[in-house]
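Worksheet for the structure shown next.
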Amino acid sequence: MKISSTYSVRHLAAFALLMALATTAQSIEISSLYSNTDSADITLAGEGAGLLQMDLIQENRVLSTKRLDFDAPGTYIVRWPRLDLDKGSYSACATLRDDETKSNSKSDEDGIEDRPSPSRRCYRFYYGGVEPVRFDVRDLRADSRGLHMAISARDPTIVDIYYMLVQGDRALYVTQERAVPISGIMSAAIQKDYEWKPILKNGLTYEGRVKIVELNHNQTRAFMSPFVAVEDARITETYQDETGASATVMGESRVPFEGYLRFTLSEGGEVLNITERKTPVLLSGDDETVEITWNSTLEPGVYELQTALIGQDGGIMDLQENIIEAKHIVRRSLPDETKSADLPAGLAGVAVLAVILLRRTRGRTN
């Protein structure tokens, strides 16, 4: 009886563990989905890991299938291959499944109806330009600092803008700007700039993705721009005189800048002094001033100063050249001379006359 009880307890514990694992695996769900013919973004919420399958479908025919392994919730990106597409209605379907589950195009198309489930969702869109374009992104560029775009609209409208920093198949960072007013002049675009919040790694490839949603007319558009993250900084201000020099450096990238400044002092083409100083670590918007002093005060003359900002790879990132006009040093007057010079002219004359009379008096006495 004792052995049987122990056996039952072990089985119950194993069963409870399996149930817990099953519950964890099923706790993640598809919370949002958007797609066009170029790419799609899928947001998963909850907890868990698994396999995400994406299908691009037209009239019960699967045109492309993508599978992504995910280990945590977040926003994932799928890029569709370049296809020769006809005008018409398309659907993108996202399904959470395991490796053993087979995709069924008919069941996927059936699921496009308004019956989303936690593990499956589809998004319909039309390709071919039947709907009038309510707004247009005239220009989009992503770089190591952020996203830069020009947007215009046919009529005044209000949009929500999602900014995404993407690496590989996952969005590292997603933020939303709500209720952005767009003017109703297609020829007059509005410039929008958004700076990244995460720190980037030098040399890695990222993508900037912007998704714009106009709720009044239920129109959504998305665009992507790839870039390679690089360090960047510039010299904003310099100062130099007979005793030393300084330079203010500002970071221009979300890649930490860890370079140095090189001050080269010359006279008539001859290099007199080269001084290098490491800059503080800078991110975009950070600025710091670096100061140096010469070995001694410069003799009178005209000097040239070159201030170079050097990156981690040894390349010159910014350069400024200036002239130092060292002048003669004016010597101070002796204390007695200073006192005499400070006396008014009348008092000085009286003092001189008093000295003469005193000398005459002494002469007569003698």
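The values are calculated or read from the model by the stated rules, or taken from the named source; none is laboratory data. This structure is a prediction, so every number in the text was calculated from the model and none was measured. Glycine also receives a Cβ, built like all others from the backbone with ideal geometry; neighbour counts cover every protein chain displayed. Accessible surface areas use protein heavy atoms only, side chains included; no ligands, DNA or RNA. Shrake-Rupley method; radii C 1.70, N 1.55, O 1.52, S 1.80 Å.
Going by the structure shown, is A341 open to solvent by less than 50 Å² (accessible area, probe 1.4 Å), more than 15 Å from E276 (Cα to Cα) and either part of a loop (DSSP other than H, G, I, E, B) or at pLDDT below 55 (or both)? Explain how you work it out, then say what you get.
Details: open to solvent by less than 50 Å² (accessible area, probe 1.4 Å): no; more than 15 Å from E276 (Cα to Cα): yes; either part of a loop (DSSP other than H, G, I, E, B) or at pLDDT below 55 (or both): yes.
In short, no.
Here is a yes/no grid of residues against (1) modelled with pLDDT under 95; (2) open to solvent by less than 80 Å² (accessible area, probe 1.4 Å); (3) within 30 Å of R79 (Cβ to Cβ):
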site: T248; (1), (2), (3): no, yes, no
site: F263; (1), (2), (3): no, yes, no
site: L272; (1), (2), (3): no, no, no
site: T275; (1), (2), (3): no, yes, no
site: G314; (1), (2), (3): yes, yes, no
site: N322; (1), (2), (3): no, yes, no
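Among the residues of the range 288-295, is there at least one that is part of a strand (DSSP E or B), open to solvent by less than 70 Å² (accessible area, probe 1.4 Å) and at positive phi? Break it down stepwise before answering.
Keep residues of the range 288-295 that are part of a strand (DSSP E or B), which gives 288-293.
From the residues that got through so far, the ones that are open to solvent by less than 70 Å² (accessible area, probe 1.4 Å) too are 290, 292.
So of that shortlist, the ones also at positive phi come out as none.
Among the residues of the range 288-295, not one is part of a strand (DSSP E or B), open to solvent by less than 70 Å² (accessible area, probe 1.4 Å) and at positive phi, which makes the answer no.
Conditions tested, residue by residue: (1) of a type in the set (G, A, S); (2) modelled with pLDDT under 95; (3) open to solvent by 30 Å² or more (accessible area, probe 1.4 Å).
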position	(1), (2), (3)
I42	no, no, no
G48	yes, yes, no
Q53	no, no, no
I57	no, no, no
N60	no, yes, yes
L63	no, no, yes
K66	no, no, yes
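For the range 138-151, give me each residue that is open to solvent by 20 Å² or more (accessible area, probe 1.4 Å) and either touching a residue at least 60 places away in the same chain (Cβ under 8 Å) or under 15 Å from W196 (Cβ atoms) (or both).
First pass over the range 138-151, keeping only residues open to solvent by 20 Å² or more (accessible area, probe 1.4 Å): 138-141, 143, 145, 148.
Listed by number, the residues that qualify are L140, R141, D143, R145, H148.
Out of curiosity, is P256 touching a residue at least 24 places away in the same chain (Cβ under 8 Å) and within 25 Å of A229 (Cβ to Cβ)?
Spelling it out, P256 is indeed touching a residue at least 24 places away in the same chain (Cβ under 8 Å) and within 25 Å of A229 (Cβ to Cβ).
Taking the conditions exactly as written (open to solvent by 10 Å² or more (accessible area, probe 1.4 Å), over 23 Å from N218 (Cα atoms) and not charged (D, E, K, R)), does S27 satisfy them or not? Steps first, answer last, please.
Values: open to solvent by 10 Å² or more (accessible area, probe 1.4 Å): yes; over 23 Å from N218 (Cα atoms): yes; not charged (D, E, K, R): yes.
Spelling it out, S27 is indeed open to solvent by 10 Å² or more (accessible area, probe 1.4 Å), over 23 Å from N218 (Cα atoms) and not charged (D, E, K, R).
Just to be sure I understand the filter: pairs with C-beta atoms under 7 Å, separated by 6 or more residues or on different chains, first member in the range 260-288 and free of Cβ contacts under 8 Å to residues at least 12 places away in the same chain, second member surrounded by 16 or more Cβ atoms within 10 Å (Cβ to Cβ). Which pairs pass?
Partner pairs satisfying both residue conditions: V271/T264.
Step by step: first the residues of the range 152-161, then only those that are open to solvent by 60 Å² or more (accessible area, probe 1.4 Å) and not aliphatic (A, V, I, L, M), then the one that is modelled with the highest pLDDT. Which residue is that?
Our first condition is that a residue be open to solvent by 60 Å² or more (accessible area, probe 1.4 Å); within the range 152-161, this holds for 154-156, 158.
Those still in the list that are not aliphatic (A, V, I, L, M) too: 154-156.
Numbers: R154: 82, D155: 85, P156: 88.
Step by step, filter the range 152-161, then rank; the result is P156.
Looking at the range 103-123, can you tell me whether even one residue there is open to solvent by 30 Å² or more (accessible area, probe 1.4 Å), aromatic (F, W, Y), in a strand (DSSP E or B) and at pLDDT below 95?
No.
How many residues, within the range 133-149, are at pLDDT below 95 and either under 20 Å from the mean Cα position of the chain (by Cα) or closer than 15 Å to V180 by Cβ (or both)? Lay out the reasoning, then the answer.
Here is the first cut: in the range 133-149, the residues at pLDDT below 95 are 133-139.
Right, trim to either under 20 Å from the mean Cα position of the chain (by Cα) or closer than 15 Å to V180 by Cβ (or both) and you get 134-137, 139.
Residues meeting the conditions: 5.
Mind checking which residues of the range 217-236 are touching a residue at least 24 places away in the same chain (Cβ under 8 Å) and polar (S, T, N, Q)?
Taking the range 217-236 as the starting set, the residues that turn out to be touching a residue at least 24 places away in the same chain (Cβ under 8 Å) are 217, 219-236.
Selection gives Q219, T220, S225, T236.
So E100 passes all but one of these: (1) modelled with pLDDT of 70 or more; (2) open to solvent by 50 Å² or more (accessible area, probe 1.4 Å). Which condition number does it fail?
(1)
Being surrounded by 13 or more Cβ atoms within 10 Å (Cβ to Cβ) and within 13 Å of I212 (Cα to Cα) is the filter here; which residues of the range 124-137 pass it?
R134, F135, D136, V137
Please list, ordered by first then second residue, the pairs with beta carbon atoms under 8 Å, 6 or more apart or interchain, first in the range 169-182 and farther than 21 Å from D136 by Cα, second in a strand (DSSP E or B) and open to solvent by 70 Å² or more (accessible area, probe 1.4 Å).
Here the result reads none, with nothing in the range 169-182 linked to a residue that is in a strand (DSSP E or B) and open to solvent by 70 Å² or more (accessible area, probe 1.4 Å).
Please identify the pairs in which a residue from the range 46-71 that is closer than 17 Å to Y34 by Cβ and of a type in the set (G, A, S) has its Cβ atom under 8 Å from the Cβ atom of a residue that is surrounded by 15 or more Cβ atoms within 10 Å (Cβ to Cβ) and modelled with pLDDT of 95 or more, counting only partners at least 6 apart or on another chain.
Hits for this filter: S64/D55; S64/L56; S64/W80.
For the range 200-213, which positions are buried (at least 18 other Cβ atoms within 10 Å of the Cβ) and of a type outside the set (A, V, I, L, M)?
Result: Y206, E207, G208, R209, K211.
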